[in-house]
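Below is one structure, written out as structure tokens; the observations come after it.
We did not get these values from a lab; they are worked out from the coordinates using the rules stated. Everything numeric here is computed off the predicted structure, so don't read it as measured data. All Cβ positions, even for glycine, are placed from backbone atoms using ideal geometry, and neighbour counts span all protein chains on display.
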Amino acid sequence: MVETRRKRAALAVGAHDLEGELARLRQRLAREGALKLSTLKAGALRDEICERLVAEGFELGATFLRQPLAAQLHDALSRQEAIAVNELPERVRGASRTELAQAVDAQVARGELRRILRGRAEYVVGARHAVLGERRLAALRDTFSDLAKMLEAASKKKNVGLLASDIEQMLSAAQRVLEEDSAPRPIDEVAADEAVTAPAPAVAPRAVAQARVAAPAEVDPLLAALDAARDPGSGMSFVPAIVRRLSAAMPVSDALELLMRAARRELIELRPEGGLGRLSDEELALCPPGPAGTRLSWARRSAGASA
């Protein structure tokens, strides 16, 4: 019955008129992004037009015929670096807020878009942007939390300051986190990262965080040496003591490289000696170099690293 009405409608307006109407609608969709169904020709002809345009890749909503929401989002972000979530309805035509939210969720899940915060407002950006994920945000939070505590403690004591080298080391740790994400990543790599950072319903958040920074097998000996050398009072481990333990199974140069590799992977934190005069020449040789001519003589597991 439906096919009969469509055939009659097509015959009534003629193939030429139908193609002409389709061409006009394509131009309007390209220009306006969406068209209200109520503005299209009624009846069987509207069904035929919608079917043809949907087959070409356009989308049919409850009250609109539109360009695909994914295409509209990407087009909007190609003209603007970041768009506030509450402004998306002004950039995307022909979708309810629910449809738009679902489209954003789907693209985030595929790694085509990323959600970010700027101040207190939530934005979306394209996958080409470097975005700090949950693990790196946790590393930055720990770094600046420690710095804030040091600054607060120093502010409460008269005539007490902080070593510039200590502050430089903490800021250098934060800079390394940023440098790891300084270049945009391919979409498939971003999608894989999203899949890891999305919390699984059946797993506790703490377990997810610990799994995310689990140490590869190659650093197991390092972590064992770090734990064995840990000072109960400070919770820190003396790096020369760690290297001495490792040097029983590998050259000192390899042990130092292993320390730096673990630090780059955010499995451990390395901190400089408060004063170089406290270290013997032998101990200095067992410490990797730090910023501003310092030596990294203290280490501890990073927050959330599995013990």
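Remarks
- Inter-site label distance for Q175 and A106 at 7 Å from Cα along Cβ, in nm: 4.4 nm
- Whether the stretch 69-126 is rounded, prolate or oblate, judged on the alpha carbon gyration tensor where a/c under 1.5 counts as rounded: rounded
- Between E56 and A228, the simple label model (points 7 Å from Cα in the Cβ direction) yields a spacing of 7.3 nm.
- Using the Cβ-Cβ distance between R24 and E134 with R0 = 51 Å, the FRET efficiency computed as 1/(1 + (r/R0)^6) comes to roughly 0.55.
- S280-E257 FRET efficiency (beta carbon distance; Förster radius 30 Å; 0.05 resolution): 0.85
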